[in-house]
1. Do we have residue 172 as buried (at least 20 other Cβ atoms within 10 Å of the Cβ), of a type in the set (A, V, I, L, M) and in contact with a Lys or Arg (Cβ under 9 Å, 6 or more places away or on another chain) here?
2. Sort out which residues of the stretch 225-241 are hydrophobic (A, V, I, L, M, F, W, C) and either out of contact with any Ser or Thr (no Cβ under 8 Å at 6 or more places or on another chain) or surrounded by fewer than 24 Cβ atoms within 10 Å (Cβ to Cβ) (or both), and write them in order of number.
3. Would you check which residues across the stretch 321-351 are in contact (Cβ under 8 Å) with a residue 40 or more places away in the chain and closer than 14 Å to residue 293 by Cα and list them?
4. Out of all the residues in the stretch 94-130, which are of a type in the set (A, V, I, L, M, F, W, C) and surrounded by fewer than 19 Cβ atoms within 10 Å (Cβ to Cβ)?
5. For the stretch 285-304, which positions are surrounded by fewer than 24 Cβ atoms within 10 Å (Cβ to Cβ) and farther than 13 Å from residue 349 by Cβ?
6. Only one residue in 228, 205 is part of a loop (DSSP other than H, G, I, E, B), assigned by TED's automatic domain parsing to the domain that holds residue 119 and aliphatic (A, V, I, L, M). Which one?
7. Keeping to the stretch 164-186, report how many residues are within 20 Å of the chain's Cα centre (by Cα), part of a loop (DSSP other than H, G, I, E, B) and of a type in the set (Asp, Glu).
8. Return the total of residues in the stretch 30-67 being of a type outside the set (S, T, N, Q) and closer than 24 Å to residue 247 by Cβ.
Amino acid sequence: MRCTRSAAAILCGTLAAVAAAREWTARSGDQRIEAEFVDANGDQVYLKPANGPTFRVALSDLSLSDQEYIRKLLAEEKAARKIRPDGPDSILYGPPRTLGFLQSERLNELSGMACSRRFPGLFWAHNDSGAEPRIFLFDIHGRDKGSCLVAGVQNNDWEDAASFTMDGKPYLVIADTGNNSLAAAVHMLHVVEEPACDPQRGVSVQEVRPTRTIYFSFEDDHRNCEAVGVDPTDRTVLLVSKEWLRTCRVYALAWPQDDHGLPNRPPPKRALVARQIGVLPLRQVTGLDISPDGLRAIVLTYGNAFEYARDPGEPWTRAFARPPREISLPFRLQGEAICYGHDGKTLYTSSERRPTPLIEIPVAPRR
């Protein structure tokens, strides 16, 4: 999703109401807009008018009554989530820190990222809809390490990426699952073997072809999805829908049983089906990743991140039915990507807008 117009320009316009919208007033009292509340992060508020893109405005620039409305709404939603306290086996996270800014000028609308399974400290990422079907490599300081074309496919609306290992080989899944207009019934997951690369020289191939493309539909409706992860224990694909309401849906997609690393096959006559396995009390989910041990799932919103944990052998349905742990994140210009690092514990996130930071949420030592 894109935010291209300034808050001031939209607030000065006259726009029609949207479902569940309300009238917002500038603190000066001379500007009003009918829009739906999307999310908030620190002092930044995201609003969505009926016939315009989502935009952000400082909380302090809204009227006092609007500020009170948002604080009350966020407090109610936080209470409904019943945030899970840290347990004795929980991973403790330290304060987020910015490691650097992404140097590649071509990676200008980052919407998905995944850590390299070949080398610690390297990350793969891609741009949002309509861009060239290309994946980019950068290091832990944001330094550009090159890119390669994903041949034979298009970037209709790439929204997330995931990395995992299968039969001893590292793979990436690129999720062409964006569906803002809710018009698409079938979505695609492009599976590629992680391109050859080197920490010093970077990417060493010009293009890579998918080993296969998985075609699927959601069982209950047309969904917009920007959050995709792969459970490495059984290769189940987890997906979280992006909803305007206060809840998002979790789906599970079984990995195709005929996959043995063979070349890409023709599209099947019938798409696979992603089945709903849970509902999360979160709005506007924009990213997802599964830890390498398959025991934790990190879910990203425009505000903070939320971690769901399970015991070995426990189904994800139970994990997503429990309260998550909330992980505070700094303000990002439309944060839509998150992943676990090579150690399976440290978290990394970024934003869709330049300058694009690489933010680390490190593991904190226990006292």
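1. For residue 172, the condition - buried (at least 20 other Cβ atoms within 10 Å of the Cβ), of a type in the set (A, V, I, L, M) and in contact with a Lys or Arg (Cβ under 9 Å, 6 or more places away or on another chain) - is met.
2. Step one: filter the stretch 225-241 for residues hydrophobic (A, V, I, L, M, F, W, C), giving 225, 227-228, 230, 237-240.
Within the stretch 225-241, 237, 238, 240 meet the criteria.
3. Across the stretch 321-351, the qualifying residues are 339, 340, 341, 342, 343, 344, 345.
4. 99, 101, 119
5. If the condition is that a residue be surrounded by fewer than 24 Cβ atoms within 10 Å (Cβ to Cβ) and farther than 13 Å from residue 349 by Cβ, then 291, 292, 293, 294, 295, 296 are the ones that fit.
6. The conditions single out 205.
7. 0
8. Result for the stretch 30-67: 19.
The values are calculated or read from the model by the stated rules, or taken from the named source; none is laboratory data. Only a predicted model underlies this, so the values are computations on that prediction, with no experimental measurement involved. Glycine also receives a Cβ, built like all others from the backbone with ideal geometry; neighbour counts cover every protein chain displayed.
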